[in-house]
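Remarks on the structure that follows.
The values are calculated or read from the model by the stated rules, or taken from the named source; none is laboratory data. What you see is a predicted model, and the numbers here were worked out from it, not measured in a lab. Positions of Cβ are generated from backbone atoms using ideal geometry, with glycine treated the same way; all protein chains shown enter the neighbour counts. Side chains included, ligands, DNA and RNA excluded: accessible areas come from the protein's heavy atoms. Shrake-Rupley method; radii C 1.70, N 1.55, O 1.52, S 1.80 Å.
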Amino acid sequence: MKRTLKVFLPLVITAAALIIAACNTQGGSTVPSGKPAAPVASRTVTPLRPGTYTEDVAGNALGFKVEVVLSASRIEKVTVISHNDTPGIAQAAIDVIPAAIVSQQSTGIDVVAGASRTSGAIIAAVEKAITEAGGRPQEYRAAGTSFYLSRDALLNPVGTPRGPVTAPGRWDETYDVVVVGAGYAGAAAAYAAQTQGARTVLIEKMPFIGGNSQINGGVWAAYTSKLAADLQRRRNLTPDTAEKHIEDTIKGGDYMSREDMVKNMVYGSPFYLNLMLDNGLVVRDSLTMPGGHYGFRTYTLEHEQGFDITEVQKKLLAQSGVTVKLNTKLVRIYRDGNQTGPVVGIAVYTAEGIRTIRATRAVILTTGGFSANVPMRSAQVPSLTDAMPTTNQISQTGEGILYAQEIGSQTMQQSYIQLYPFADPNTGVLDAYAVIPFSGPSSGVVYVDYKGERYVNEGERRDVNAKAAMDSGGFPAFCILDQKIVDQGGFTSQDTVNRGIENGRIFKANTLEELAGQIAAHSYRSPSGVPGNVNIASGTLTRTIEAHNGYVRSRQDPAFNKVITTAMLTIDAPPYYAIPQWPSVHHTMGGLITTNKLEVLDLFGNVIPNFFAAGEVTGGVHGTNRLGSNAGPDACVNGYIAGYYAVTGDVPDFIKGK
């Protein structure tokens with residue numbers, strides 16, 4: 001029997017509540033809190049020309065089209081017609097902002113933290129319509145409602161009320177299993193626990209399910225799957241093995257990975273990928289071999305971003321009946337016996353204050369890493385100051401690790417912090433266009449520096465690529481490809497490329513000389529914040545690509561000793577494309593120490609009873625360097641194992657006897 005996903009946003013009801021709840025397409029009630037703006041009738045406003053106004057605005061570097069209906073003195077209706085933003089994140093703002101603007105007759109409302117640019121795009125569209133109708137936007141900027149936890153509460157790991165120091169005698173709520181953090185790992189853990197018979201709640205401080213996983217690069221490494229044999233046959237690829245995936249992962253992490261944890265990930269990856277495919281996940285018609293991998297094992301999701309998986313996970317959570325509490329921030333973990341016994345529950349901070357939640361069987365921590373916490377990451381690696389952007393959402397602040405340490409948990413390898421080499425150099429964002437350089441090495445893409453020359457073996461692992469870019473002597477670097485790679489590589493699409501061109505993230509030209517001119521025509525935010533240009537000498541880019549084409553034909557790369565496979569293509573079919581790229585803080589490989597059953601260990605190496613952790617909050621899987629496309633399997637598989645073992649006391653069949 002299908003059950004409904006119960007989603008709670010613990011906020012105070014206002015006049016906008018019913019309107020906003022009616023607009024919510026996610027199945028939960030989105031109820032804002034705080035003091036409403038003054039009614040428009042109590043303000044003096046310039047008369048408007050009544051009508052329906054359709055406005056095009058940018059949101060999160062992606063186009064938004066918003067329809068605004070105005071009467072002579074009121075904003076009557078706001079509707080988002082279309083957008084290309086990340087669906088799960090954008091929806092949190094789309095569900096709330098339009099209705100709140102209408103209810104409160106204000107564009108001065110607080111934006112949705114984590115979806116601030118989407119919120120801002122909608123607000124900008126309304127103000128644009130007011131201007132077009134002959135009005136004055138400033139007359140509609142009365143302070144409005146706060147909808148969710150404040151941005152400061154999300155950014156500051158310990159800057160919110162903490163609740164009682166010891167476990168309460170009376171709990172506000174009780175569940176069998178409490179999972180904290182609703183990204184890949186948390187959703188997998190909650191689903192596993194619930195389907196094994198435990199009454200499970202999933203806690204998330206952001207206003208949407210999916211967390212940082214939604215903006216994952218949309219790739220997944222699995223040595224096999226239900227699709228593998230057909231893809232390998234049609235693309236003439238050698239079948240991969242679990243042993244090779246394990247070997248590459250451990251070597252890629254400089255032999256600092258725990259083999260038992262790597263085996264969890266590798267043996268479970270096909271299981272979880274097939275589970276997603278059976279429930280609607282769509283992947284592109286390709287298998288790639290990105291940097292550090294030496295087998296064609298990486299699948300690219302249909303939209304090249306992680307929300308493809310989180311959307312399927314949301315469906316499974318709903319079907320299994322998991323309770324989800326959004327806008328709910330972990331602030332304390334409780335152990336019995338004066339914080340020395342089993343973990344018994346947590347305290348959370350909400351817009352209504354502190355609440356305590358008891359866990360009769362387990363607390364599973366899946367709160368992610370700390371790439372967005374500058375003091376925490378720079379304490380481990382001093383060079384990672386606030387001058388270095390991050391690909392991560394603002395939510396990745398590491399408080400899960402801190403609160404686990406507070407009750408005696410042990411950590412490892414926290415100074416192993418990865419940079420993503422191919423992020424947008426102007427923002428540090430890992431968008432769909434930044435996935436193309438990652439997925440493209442096995443198809444023949446080339447990376448060039450500010451001089452138009454290759455600076456690295458494109459098949460190298462991420463840390464090598466990132467260091468090579470920063471040592472290249474200029475800013476930024478570029479990924480070069482042609483129409484043949486777009487058409488035949490299978491890992492991207494013409495639609496993605498066209499959107500990138502429209503958004504100024506991808507440059508297009510009919511010759512390589514013209515492409516160098518396109519590169520020179522744009523300015524780039526340097527690490528110092530000062531915009532600059534790149535002027536590649538005439539003919540240099542052409543000579544670089546021609547030389548690389550020769551290497552592909554001869555199957556030898558004397559310049560950088562790259563492994564060239566039969567799947568690699570020459571770059572000689574116009575039009576040509578360039579994608580600017582630069583390193584950005586991406587993944588923290590270290591974290592809590594667990595057993596291979598995901599039980600958290602204390603400072604003396606003992607298991608903390610009833611306490612589990614999975615995903616980026618843990619350490620030991622990736623060593624010094626995570627191979628791209630291993631993050632999803634790590635989080636989902638180990639999350640699933642944690643939820644399964646916490647309830648059954650056994651491990652899933654896919655790792656038994658391995």
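Using R₀ = 45 Å, calculate the FRET efficiency as 1/(1 + (r/R₀)^6) where r is the Cβ-Cβ separation of Val165 and Thr648; round to 0.05.
E(calc), rounded to 0.05, equals 0.85.
Run the simple label-point estimate for Ser415 and Lys656 please: 7 Å along Cα→C-beta, distance reported in nm.
Spacing of the two 7 Å Cα→Cβ label points: 4.3 nm.
FRET efficiency for Asp572 and Thr46, Cβ-Cβ distance as r, R0 = 41 Å, nearest 0.05?
0.10
Which stretch or stretches of the stretch 214-248 have amide N atoms under 16 Å from the point lying 7 Å from Gln488's Cα along the Cα→Cβ direction?
Taking a point 7 Å out along Cα→Cβ of Gln488, the residues of the stretch 214-248 whose backbone N falls under 16 Å are 234-237.
How much net charge surrounds Ser82 when only the other residues with a Cβ under 13 Å from the Cβ of Ser82 are counted, with Lys and Arg +1 and Asp and Glu -1?
Taking every Cβ under 13 Å from that of Ser82, the sum is -2.
List the GluC sites (Glu not before Pro) in the stretch 325-414 that DSSP assigns to loop (not H, G, I, E or B) and whose Cβ has at most 16 other Cβ atoms within 10 Å. Which are they?
In loop regions of the stretch 325-414 (DSSP not H, G, I, E or B), the sparsely surrounded GluC sites (Glu not before Pro) are Glu352.
Rolling a 1.4 Å sphere over the protein heavy atoms, what is the accessible area per residue of the chain, to the nearest Å²?
Heavy-atom accessible area per residue stands at 35 Å².
Taking the Cα centre of the stretch 464-585 as origin, work out the dipole magnitude from +1 charges on Lys and Arg Cβ and -1 charges on Asp and Glu Cβ, in debye rounded to 20.
Charge dipole, the stretch 464-585, about its Cα centre: 260 debye, nearest 20.
Counting Lys and Arg as +1 and Asp and Glu as -1, each charge on the Cβ, what is the dipole of the chain about the Cα centre in debye, to the nearest 20?
1020 debye
Kindly flag which residue pairs out of Lys244/Lys484; Lys467/Lys562; Lys315/Lys597; Lys314/Lys597 have an alpha-carbon separation exceeding 20 Å in this structure.
Over 20 Å Cα-Cα: Lys244/Lys484; Lys315/Lys597; Lys314/Lys597.
Less than 17 Å from a label point 7 Å out along the Cα-to-Cβ axis of Tyr255: which backbone N atoms in the stretch 618-658 qualify, by residue?
So the set is 622-625.
Measuring from label point to label point, each 7 Å out along Cα→Cβ, what is the Ala520 to Val607 span in nm?
Reported label-point gap for Ala520 and Val607 is 6.6 nm.
Which label marks the calculated value of P(r) over Cα pairs in 20 Å bins from 0, in percent, given the options (1) 16, 42, 32, 10, 1; (2) 19, 50, 28, 3; (3) 16, 41, 35, 9, 0?
Given (1) 16, 42, 32, 10, 1; (2) 19, 50, 28, 3; (3) 16, 41, 35, 9, 0, the structure-derived one carries the label (2).
Scan the stretch 248-308 for GluC sites (Glu not before Pro) in coil per DSSP, keeping those whose Cβ has at most 15 other Cβ atoms within 10 Å, and list them by number.
Passing both the DSSP loop test and the Cβ count: Glu302.
Would you work out what percent of the accessible area of the chain, with all protein chains in place, is carbon or sulfur (probe 1.4 Å)?
For the chain, the apolar C and S fraction of the accessible surface comes to 51 percent.
What chymotrypsin sites (Phe, Trp or Tyr not before Pro) does the stretch 355-440 have in DSSP loop regions with at most 11 other beta carbons within 10 Å?
When the chymotrypsin sites (Phe, Trp or Tyr not before Pro) of the stretch 355-440 are filtered for loop state and at most 11 Cβ neighbours within 10 Å, nothing remains.
Using amide H atoms built 1.01 Å from N in the peptide plane, name the residues 5+ places from Phe64, or on other chains, whose amide H lies under 5 Å from its own.
Val57, Ala58, Gly59
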